[in-house]
Every structure is written in structure tokens, then in C-alpha cells.
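Taking it in order: structure first as C-alpha cells, then the write-up.
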Ligand code: NAD
């Protein structure tokens, strides 16, 4: 099949590489010439485990191509995916400019029947909008269908999620595109994964609701962990106690700094806004968002308490382990580390940092931080360590070595990585979420 992908970011590139790997002819389009040039040179512009190899392999096999030219990809495509960014505006609305531009560019170049599949996360009604724009732009008599095909991949495990999806959801208005899109996905569904077909509006909403539910679980546990701290209960026991109930399940129940990244925060805000526009206040989600906004500040409160007031922070040196919004990615969009760094700098704290892959991205935001290429070097002379990302590299470090190089043995753990007995053994002052002490 001939596939065009409009927007070659996380979603577009993973989709393109995985579809090329099942022998489709895939052309990825992007307006960012620098990105396209890098990809043409065989370089992946962001970190995603396994993606480098997959891209290289399919470029060599001449199944995966990159371009800035719509003309090279759209007219011949059987299916075009729209995978452009849909960032939030300051007022909470979703910015659909990129989607609309993509739709216009596609519409101008349609030559024969084609399926246009919306992969970008966008509010209910966007497929209709895309369809209307394409209708305006196409010459008469060119037939096409717009379908909704939201993406559920997780950064850090994106390739596995695409190659072995737990479900593929397709929203359509007529049966015509079904066979084509099913043929495309069948190679990834050999273990009987669910292929769920529904109407377009329900599909568009499902994507938002999925992310909102995940965010809700995290904020719920953060709220309960705050209660645990006040009443002397242990959040880890509570988590295991409820997570073992199959109706609840163990995932997304970890307390800490809260959710970040390019999806959960934006989609929760987008759904709240969409509710307001339709005279429905989504109260639970408003609380989910508020709790999440509060969590990094709770870590700062612990720091201020330990050092006897915010005035005492001036001139101290702190180290951050982890900058990415979660492990196995270099994505720092809405990462709690950004809030923490800004607050520390506002209090005249010197900040050292180490992250296995996200340093370059954070440098572009905070040039004044001292970045290190080794976790222990980053600790030399620091008054405290803050753990902001749950990288495996931080799970079982050499505590004695840490203590030897730090000015004072203090850890503020935003991801609850360590065993408190071990912390006592090494005489660390240790702060985490959801424990009385
Ligand atoms: P991204 O910012 O990494 O990539 C988007 C790309 O689209 C950029 O390279 C940009 O230059 C390009 N672009 C913008 N307008 C264009 C146009 N008119 N023509 C061609 N290219 C254009 O974004 P992303 O993280 O891949 O997310 C894309 C969409 O998928 C968003 O709606 C997001 O919410 C959704 N999504 C993301 C994830 C994720 O984990 N990142 C998961 C599921 C869904």
C-alpha cells in the first residue's frame, strides 16, 4: 500500500517506520526542513528506543522516504495519515492551525480516491472540519473518506505499542474505507487484539477519555498519598492493596510529581474546555488538573521545610536526577523538572543536573543549569538530590559513593524509588510522597 504521513514527529515517525516495516511504501512529510534533512541522513531527531534501527532498516530497504513536498506523497497515496501537533492555546482551546493547514495541503493534491486518517488528538468535530476543508480544496469528482484513527502509543515504548497494539480504534461514517484500513492493520493484530469500529465522534472522544482516565488515576493517588502523609498511613501498601483487585488493576497508581508530557496535561485541559463549550462542567477533570498542578509544588514545600524556610535556600546547590517527563524518553514537554528548576533558580539555588538522554532539550530552556554526563559527578558539592524521573539508572545507585561526594546527605524523591530502611542505613534524610515519615 502507498502511505503518506503528514507530520513526522513522535507519532508520525513511529507510524511511518512501523508501516514501512510491513512492506508498505511510506512517505513522511514535514514542514520542518531541518528535521527532514536529518532523517534523510539517517538520523532520528529525538530519542525513542529502537526507532533508530527501524528507520535505518526501512530507509535502506527503500520503503521509507522523507520530504517537505506534499506533491511527492499525496497524489499517489492510498491512505494519508494526519499526525501533526495539536498544542494547547493559552485559553485551554486546542490549536487546530496545523491540522487545518495539513487538510488544505492534502485537499489541493487529491487526484483519486483516498482515505485520510486523523491520528492527531483533536476535539470532537475535527474530522468533520478536515472533511469540509478538503471538500473546499479538491477539484470536483475526487472521492475521499476522512476517518478517525487515534494513536495510543506511549513514548518510551512506542514501537512495541504500535507493533503489538492492545486495540486499534477506527471511527468512520461509511463502510467504504474499512477494508483498506483493516488490511493495513491486520499484520499487527495476529494475536486477536481488538479492532474496534465506531462512529467518528465517539472515536474522537474515546482518545480524550482514555488519557483523562489515566490522568485521573494518577491525581487520585496523589490526593490519597497526601492524606497518607497526614494520618500516618503508607501509600505503597494502599496502592498494592487496591491494585490487586482486578477491577482496579495495578497501573497508573503511582504517587509522585504528577503527570507531564505532551499528551495527558494537554488532553485533560482540552476535554475540560470542550465540556465547557458544550455546557458541561467536567468537575472531576478540573480537580484532576488542579491536583496535578499542585504536586511539584509539594516537593518544593518539603525542600523548604527541611532547610527551615525559603530564605535559607539562597546560595545552596541542588542536583536533579532526571529531566524528562518520564523514563525512556527525551521529551521534556510539561515535565515536572521544568517547574522544579525554575523555582530553585527563583530562590537563587545553583542547579546541577543529569539525565541519560534529555539534557539537550532542557539546555534549550535552562542554559544556566550545570549539566553533567554522569549521575555521580552531578552530585559533587550538592546540599540535596532531587529525583524527578524514574529512570532505571537511579533505582539502585551506590549510596555510599553519593554520600561521599555530597555536601549533605538529603534526598527529595519525586518518584518514590528508594527503600526507607536503606536510607536509614546510609543516614540519608529522605523525603518522598505518601508516607508519614
Ligand atoms: P510532534 O510535535 O512531535 O510532531 C508533529 C510534527 O508535525 C512536527 O514535526 C511538525 O513540524 C509537523 N507539522 C506541523 N504542521 C505540519 C504540516 N502542516 N505539514 C507537515 N508537517 C507538519 O507531535 P507528536 O508528539 O508526534 O503528536 C502528534 C499528535 O499525536 C498530537 O495531536 C498528539 O496529541 C497526538 N499523540 C501524541 C502521542 C505522543 O506520545 N507523543 C501519543 C498519542 C497521540
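The values are calculated or read from the model by the stated rules, or taken from the named source; none is laboratory data. Every value quoted in this text rests on a predicted model; they were computed, and no experiment measured them. Quick reminder, even Gly has a Cβ in these numbers, built from the backbone with ideal geometry, and neighbours come from all protein chains shown.
A few comments on the model shown:
- Qualifying positions in the stretch 33-55 - in a helix (DSSP H, G or I) and crowded, with 17+ Cβ neighbours inside 10 Å: 35, 36, 39, 51, 54, 55
- Those residues of the stretch 40-55 which are in contact with a strand residue (DSSP E or B) (Cβ under 9 Å, 6 or more places away or on another chain) and within 10 Å of the ligand (Cβ to nearest atom), in sequence order: none
- Every residue from the stretch 164-182 that is surrounded by 17 or more Cβ atoms within 10 Å (Cβ to Cβ) and at pLDDT 95 or above: 168, 169, 170, 171, 172, 177, 180, 181
- Considering the stretch 59-75, and only residues there that are within 16 Å of the ligand (Cβ to nearest atom) and in a helix (DSSP H, G or I), the residue that is surrounded by the fewest Cβ atoms within 10 Å (Cβ to Cβ) turns out to be 71.
- Every condition in (1) in a loop (DSSP other than H, G, I, E, B); (2) over 21 Å from residue 186 (Cβ atoms); (3) free of Cβ contacts under 8 Å to residues at least 60 places away in the same chain is met by residue 8 except one, and the failing one is (3).
- Search result, residues across the stretch 339-357 that are under 27 Å from residue 267 (Cα atoms) and either free of Cβ contacts under 8 Å to residues at least 40 places away in the same chain or in contact with a helix residue (DSSP H, G or I) (Cβ under 8 Å, 6 or more places away or on another chain) (or both): 339, 340, 341, 342, 343, 355
Condition check ((1) away from the ligand (no atom under 12 Å from the Cβ); (2) not in a helix (DSSP H, G or I)) across all residues:
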site: 14; (1), (2): no, no
site: 19; (1), (2): yes, no
site: 57; (1), (2): yes, no
site: 84; (1), (2): no, yes
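- Exclusive hit being buried (at least 19 other Cβ atoms within 10 Å of the Cβ) and at positive phi, set 7, 16: 7
- So residue 117, is it in a loop (DSSP other than H, G, I, E, B), within 16 Å of the ligand (Cβ to nearest atom) and in the same structural domain as residue 16 (by TED's automatic domain parsing): no
- Close Cβ contacts (under 9 Å, 6 or more residues apart or on different chains) running from residues in the stretch 149-172 that are under 25 Å from residue 126 (Cα atoms) and assigned by TED's automatic domain parsing to the domain that holds residue 332 to residues that are within 9 Å of the ligand (Cβ to nearest atom) and part of a helix (DSSP H, G or I) are absent.
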